[in-house]
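Written below as structure tokens is the structure these notes are about.
The values are calculated or read from the model by the stated rules, or taken from the named source; none is laboratory data. This is a predicted model, so every value here is computed, not measured. Here Cβ is always computed from backbone atoms with ideal geometry, including for glycine, and neighbour counts include all displayed protein chains. Accessible surface areas use protein heavy atoms only, side chains included; no ligands, DNA or RNA. Shrake-Rupley method; radii C 1.70, N 1.55, O 1.52, S 1.80 Å.
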Amino acid sequence: MIFLKEFRVSAKEIAELLFGSGNITSDRVLQTRANEGIEIHQYWQSLYSERDFKEVFVKTTFSRDDILLEVTGRIDGILYGEQLITLEEIKSTHLDFEYLEIDTFPEHMVQAKLYAYIYMLEKDLKKIKVVLTYIQVENRENIQFEKTYTFKTLETFFTKTVSSYLEWVQKLATHEEERLKSIEGLSFPFPEYRINQRELMAHVYRSILDKDILYAIAPTGIGKTIATLFSSLKAIHTPKQKIFYCSAKNDGKVIALDTISILEKSGLIAKTCEITAKDSACLLKERDCDPEVCKYAHGYYSRIYHAINDLFESESIFSKEIIKVYGKKHKVCPFEFSLDISNYSDIVICDYNYVFDPRAHLIRYFEDHTYQPILLVDEAHNMISRSREMYSATIKQDTFEKMLGFAKFLKPSPRREIQKCLDFVQEKEIDYLLEVDFVKKDDLDTALLQILKRLLVKFDQILTSETKISSKSQVLDAYFEVFQFLKISEFYNQEFIFIYEKVNGKVEISIKCLNASEFITRTIKDYAESCTFFSATLDPIYYYKTLLTNGLGKDIKMVSSFKQDNLLLVNVDSVSTRYNDRSNSKSTIVEVSKALIESKKGNYILFFPSYQYLNMIAEELSLDSELVEVILQKRDMSIRERNETLMMFRESSEKTQVGMFVMGGVFGESIDLIGDMLSGVVIVGVGLPQLSPINNILKSHFDIEFHSGFDFAYTYPGLNKVIQAVGRVIRSETDRGIAILIDDRFSSRKYLSLYPREWSHLRSINQTKYLKKVFNEFWKEGKQIEENNDKNS
């Protein structure tokens, strides 16, 4: 018989999907501790006799209609006794044996029974003993549960279980068939392509087929989202290919979801999942993942299969809002739900960390080779700093002190381990931080790692005990801080440094990654089908290619579809905004800003390199309050305050509105203020990151590695912020606006060589009187163009 659809699945996957049990925090937290499980397995298997076998691979097939399912497994142990062969399934645990029964985790015995049937089938056995062995991680004590089964009993069980699983597989197979057929017939959803849009699509399509890395500098207005998604879909030809659309900003995710919706109206059949941060996905007023507090975490695994089944059958776009609706319906945590439903999605829209961060990436996609992810990385200019953060970690003296405060309420008590951590911190403070606040070391402190590992084991015992924990959320926060530090330590090499520093009088110990390109490249090469990095601002391209993929990959640069004359780009280069010159720059910045603001009623943004500089100019900038409203960015603005500030620009106002913002923040990129929402920007300074010990270390490191230390640590990151800020002005083909750069460095040969080609019309003007004239002529010309367009229409 010829089978049209063939699938392969492990017995473990079947058991966990259909018979899963337990709470989120007590189980998923500890799933990350796979190395412990391996050590326990190896220890127990070392006690086997010469007649016994370990890690026995088995497989069989099961068919229905046109589907052939191959079920595989790896048996921990086959033990030969005097009468019956014994099949052993080994599980490591932190649970007290008092709370363990044979059916505490039903999926474990189901897994063993599926293995037993396949083994009996292969060996033609009539009867077998199945032993489920739990071994304590801390003391290696064990408890065993035994059952004897006949072949007939296990055959009936296997058939029933796999038949249930095949019902789910049939749904996946039917959808996959429809998906591939819809992609084949999918047409571009717009009547015309934008300038260079089709060229971008061709490059992305070819890069995916070639299994390559592509860097695409694609200016605003080219239609990057639809271009990259459509061409990626067209390159799909096998069920294992999935698209990951990665964006650092929520706005980017919304645009991607809207684009998928447009493609669905053109005939696309696909399942799309949005993954967001825990806090934004949570159904509680205040997030608390303790299963005793959160009903959506308690018993999560016993309900998740029905939730997945319902959502998959009923919806095509699993947005944050939709996942919340179904999460509430089935009483499952929406965040964890989004991670689980992503396994059955064709397109995953998420933050970078779900692909590249070793502590957060989706294991099924980025630790094994089941699927072939096609990666689309939007706003890729953010990836260098983000990649360093992904491979960095910090533990704080303050955390240990807080732990000590609630340790007396915990059983078993972690007081001894916490005190050792504090003793270590205080010892290092005496050794290194009495006269300075920052000390760099080239090597990890292995003594600290050993202390932290012992503390982590104690936390495992606490979190897996059945004792009620009054401060569980605090314990979990501390647990993750320690766990993440230890996790990152595993990657330590010459691209890292080890730091002791004092922050607000408290010691912090950090592992800082200086260059994560090795790990980003490895993720792409080992687990992805291809990767496209795209952004309007990837200049200079060699900087991004060097620090993301070790120079690997092709790069293309698209020409902007916007008319260059629609942006008046001016450099005021008679003034220095360097730190020591800032007080002397005040009058020029105020004069130039007032000239722009008073040239036309509208909305304007003044970007500054720091809050201090911003506030200094704000004190000097006297504007008519009846005509102009000034909006100052504050430190640590909440999401609500940020959105309210943006809405002030998006809604029409009788007054001119002037935003005074810090460059590189939320108001400096990834916001669309089209038409009259933004008339112009003033950019004060070249955007250099602040001088700091860590930035100076980056400079020294890149001097040795690439002979471009200052540029890699300061110049290029600063320039990106400037280009992003200028990019806020022109967001559509009809927009007109003014961008003013204030600093003498902007007209230096070095900076002129780095600008995008769209900036070739940059002109230097230093006389305020002449600036006013140029502004008036620019607005007058725009009005004439508008009137002519109205006549022609």
With a ≥ b ≥ c from the Cα gyration tensor eigenvalues, square-rooted, and the rule rounded for a/c under 1.5, otherwise prolate when a/b > b/c and oblate otherwise, region 314-444 is oblate
When the charge dipole of the chain is computed with +1 at the Cβ of Lys and Arg and -1 at the Cβ of Asp and Glu, the Cα pointing farthest to the positive end, of ILE497, PHE145, LEU449, is that of ILE497
Excluding ligands, DNA and RNA, the carbon-plus-sulfur percentage of the accessible area of region 109-200 with a 1.4 Å probe reads 46 percent
The percentage of the accessible area of region 548-684 (probe 1.4 Å, all protein chains present) made up of carbon and sulfur atoms, to the nearest whole number, is 45 percent
Here, trypsin sites (Lys or Arg not before Pro) of region 89-128 satisfying both criteria (DSSP loop; at most 16 other Cβ within 10 Å) are LYS126
Projecting the Cα atoms of TYR117, SER46, ALA380 onto the charge dipole of the chain, where Lys and Arg contribute +1 and Asp and Glu -1 at Cβ, the residue farthest towards the positive end is ALA380
As straight-line cross-link partners of LYS772, the qualifying lysines (C-alpha separation under 17 Å, not fewer than 8 residues apart within one chain) are LYS594, LYS600, LYS601, LYS780, LYS783
Measuring from the longest principal axis of the C-alpha atoms of the chain, the long axis of helix 472-489 (C-alpha) lies at a number of degrees, nearest 10, equal to 80 degrees
About its Cα centre, the chain carries a charge dipole, from +1 on Lys and Arg Cβ atoms and -1 on Asp and Glu Cβ atoms, whose size in debye to the nearest 20 is 740 debye
Partner lysines whose C-alpha sits under 21 Å from that of LYS171, ignoring same-chain residues fewer than 8 away, are LYS5, LYS12, LYS160, LYS181, LYS240, LYS242, LYS271
With 0.36 nm assigned to each residue of separation and the Cα-Cα distance removed, GLU315 to ASN643 gains 115.2 nm
With the charge dipole of region 303-354 built from beta-carbon charges (+1 for Lys and Arg, -1 for Asp and Glu) about the Cα centre, the Cα from ILE341, ALA307, HIS330 projecting farthest to the positive end belongs to HIS330
Quick tally, 1.4 Å probe accessible area for HIS237, HIS381, sorted with the most first, runs HIS237, HIS381
Measuring from the longest principal axis of the C-alpha atoms of the chain, the long axis of helix 446-464 (C-alpha) lies at a number of degrees, nearest 10, equal to 60 degrees
Taking every other residue with Cβ under 14 Å from the Cβ of VAL630 and scoring Lys and Arg +1, Asp and Glu -1, one gets -3
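Treating only the Cβ of Lys, Arg, Asp and Glu as charged (+1, +1, -1, -1), what charge dipole size does region 580-646 show about its Cα centre? Round to the nearest 20 debye.
240 debye
Assuming R0 = 30 Å, what is the FRET efficiency of SER470 and GLU141, from their Cβ-Cβ distance, to the nearest 0.05?
Calculated transfer efficiency: 0.60.
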Ordering LYS242, LYS769 by the accessible surface of their heavy atoms, 1.4 Å probe, largest first, yields LYS769, LYS242
Given a 1.4 Å probe, the accessible area of the chain per residue, as a whole number of Å², is 45 Å²
Given pairs LYS512/LYS699; LYS91/LYS147; LYS420/LYS453; LYS408/LYS506; LYS253/LYS563; LYS324/LYS468 and cut-off 19 Å on Cα-Cα distance, the over-length ones are LYS408/LYS506; LYS253/LYS563; LYS324/LYS468
Once the in-chain neighbours fewer than 8 apart are removed, the aspartates and glutamates whose Cα is under 20 Å from LYS123 read GLU50, ASP52, GLU55, GLU70, ASP76, GLU82, GLU88, GLU89, GLU155
For region 721-793, the dipole about the Cα centre with charges only on Cβ (Lys and Arg +1, Asp and Glu -1), to the nearest 20 debye, works out at 380 debye
Note to self, the chain gives a 222 nm [θ] from helices alone (DSSP H runs n ≥ 4, -39500 (n - 2.57) apiece, / all residues, nearest 500) of -14000 deg cm²/dmol
